[in-house]
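Report on one structure; see the data block that follows.
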Amino acid sequence: MIRKSVLPALLLLSLTATAQKKSRPGSFAATITAADMSRHLHIIAGAEMEGRDTPSPGLEKAASYIEEHFKSLGLQPGNNGSYRQRYPLYKDSMTATSLSVNGTAFELGKDFLPNAQFNHHSGLRFSEVVFVGYGIVDGDLNAYKDLDVAGKLVMIADGMPEGYKPSATGFRSPGNIFGKLAAARARGAAAVLVVSANFPRKNIQMQSAYQLNGYQPSVYPPTYSISQALATSILGAGTENVLDQVKKNGVASKVYKADVALRYEVATKQAAASNVLALLEGTDKKDEYVIITAHYDHVGKRDDGTIYYGADDDGSGTTAILELAEAFAKAKAAGKGPRRSIVFMTVSGEEKGLWGSEYYSNHPVFPLDKTTVDLNIDMIGRIGDEYKADKDSVNYVYVIGDDKLSTDLAPITDQVNKQYVKMKLDRKYNDPNDKNRFYYRSDHYNFADKGVPVIFYFNGVHPDYHKPTDTPDKINYPLMAKRAQLVFYTAWEMANRNDMLKRDLKLPEGTRR
């Protein structure tokens, strides 16, 4: 058995020997320059692109710019003759709604408001309502104990009981509306009323946001926020201050008799967005693939005209893709092309919930079992908050996910970096239980979820993150170029080594989104 201390040295010798058999990549990596990155980024994150919302005319302009660049390099279309992989998006708009109790109609905005994000076309009538308190199921806390709500109308109080500490935070918390609705759905609730204090409401949401999955295996029950007065009309006299009384366990969790009619009608609008893909065909291993990804969308423009430029997030990664594609194209033109094929892919909809990469991972153009790695670049143009005063502030990058699926990947990453770039590789966010959950928050995740080994390159957050001030003038272009060169050298090694990466690790429990 070889000692652990010997393995890194042998790996370095192996990489060096492999590099000697192949051409030297340094001259091609050197074509990735700060000046070229600045030129591209000032266009991608310019005012004309209007923040690249998904979907939007600005996003389409950015896609066209990326496509034209791929064409200029002589790269092949990445999707069966097209540089685009289009996917559908769906948005529901409310056209009519009503809610009545015991024959009395209540007023939209004054006493009730349907949830436009969850509700679907429905007309329902119930003769009873099951009140379940706060509707929380978490550990020993079970609001549904001894209550059968299958096929029934459920009423839930907004908020959480005093002293309750959720077992998870954010969207995963059993105490927020998503957790409560998930618990109701799991128990078969046909519809849900959520008692809320903030009525009447002036802002009435008439439509949902766009969604990737217009056809779903299951849906949430139709959900309506209701006023305390409307709740009293169901629960009866003595419950005029329902939310205060629930805090004191003053409202019994049980079935209440009331005739309740709910109606919600929608019209569905369909749109589309696209991933932009280009292929550089390999040589003797051309049926195996290295995929390099970045998302080219951001969060768009507000109604008042404010543009969220998204220079770092993720104009920086998109620009890196353009430069990497050019470097590899020049290598191939010089007769030094990679053994494996390389797919350069900019995806859209990341800011909405990793839409583009989810669509690709469910509709792959190139077999995922023949994809050795996904190298994902999301924010590499700035110095993050944690490195502002660090000695390595202009020579670091966060590396996330390289320890999850393949024991090959992290050692290769370290040795490639040691041989070529010599940056500080910070893996503090590799812990899937890190409170920031960065492992789940970019497009590599959808590849990892399908078993593809991944690396996510990231500079960390900064004061301009997701603000209109994330502009091209604040980018550190030399640092951005160096980080992109690290990705280039890593991709070079992945594309030219004899074997695909082993897939000998399983994702730890709890790494599902």
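Descriptive notes on the structure:
- Ordered from longest to shortest, the equivalent ellipsoid semi-axes for region 342-385 are 23, 15, 8 Å, each the square root of 5 times a Cα gyration tensor eigenvalue.
- Relative contact order %, region 90-269, counting alpha carbon pairs below 8 Å whose residues are six or more apart: 43
- Each Lys or Arg adds one and each Asp or Glu subtracts one; over the other residues with Cβ under 15 Å from the Cβ of Gly123, this totals 0.
- The chain - percent relative contact order, Cα under 8 Å, separation 6 or more: 21
- The base-10 log of I(q)/I(0) for region 365-426, evaluated at q = 0.15, 0.16, 0.22 Å⁻¹, reads -0.58, -0.65, -1.03 [Debye formula, identical scatterers on Cα atoms, solvent excluded].
- Sorting 270-276, 203-209 by their mean Cβ neighbour count within 10 Å, with the most densely packed peptide first, gives 270-276, 203-209.
- Cross-link table Lys285/Lys418; Lys404/Lys502; Lys352/Lys435, entries beyond 22 Å C-alpha to C-alpha: Lys285/Lys418
- Here the residues Thr318, Thr490, ranked from fewest to most Cβ neighbours within 10 Å of their Cβ, fall in the order Thr490, Thr318.
- Descending semi-axes in whole angstrom, ellipsoid equivalent of region 142-280, from the Cα gyration tensor: 33, 19, 16
- For the chain, the fraction of alpha-carbon pairs in successive 10 Å shells from zero, as %: 4, 17, 24, 21, 16, 11, 6, 1, 0
- Listed from fewest to most Cβ neighbours within 10 Å, the set Leu89, Leu324 follows the order Leu89, Leu324.
- For Ser72, Ser341, Ser173, Ser348, the sequence from fewest to most other C-beta atoms within 10 Å is Ser72, Ser173, Ser341, Ser348.
- For Val276, net neighbour charge (Lys/Arg +1, Asp/Glu -1) across residues whose Cβ lies under 14 Å away: -2
- Each Lys or Arg adds one and each Asp or Glu subtracts one; over the other residues with Cβ under 12 Å from the Cβ of Thr33, this totals -1.
- Put simply, when 277-288, 470-481 are sorted by average Cβ atoms within 10 angstrom per residue, most first, you get 470-481, 277-288.
- Dipole axis of the chain (+1 Lys, Arg; -1 Asp, Glu on Cβ), positive-most option in Phe28, Asn476, Asn496: Asn496
- Added length on full extension, which subtracts the Cα-Cα distance from 0.36 nm per residue, Ser100 to Arg201: 34.6 nm
- Principal axis extents of the C-alpha atoms in region 107-183 (largest first, rounded to whole Å): 36, 28, 21.
- Reachable aspartates and glutamates from Lys202, criterion Cα separation under 13 angstrom, eight or more residues apart if same chain: Glu107, Asp111
- Of all beta bridges that DSSP places with both ends in the chain, some 60 percent have antiparallel geometry.
- Values of log10 I(q)/I(0), in the order q = 0.21, 0.24, 0.26, 0.28 Å⁻¹, for region 407-474 under a Debye, Cα-only, solvent-free model: -1.08, -1.18, -1.22, -1.27
- Kyte-Doolittle mean at least -1.0 and Cα axial length at least 20 Å: DSSP H helices in the chain: 7-21, 57-72, 317-333, 477-496
Just so you know, all these numbers are worked out from the coordinates, no wet-lab data involved. Here the structure is a predicted model, which is why all the values come from computation and not from measurement. Because the Cβ atoms are built from the backbone with ideal geometry, glycine has one as well, and the counts that use them run over all protein chains shown.
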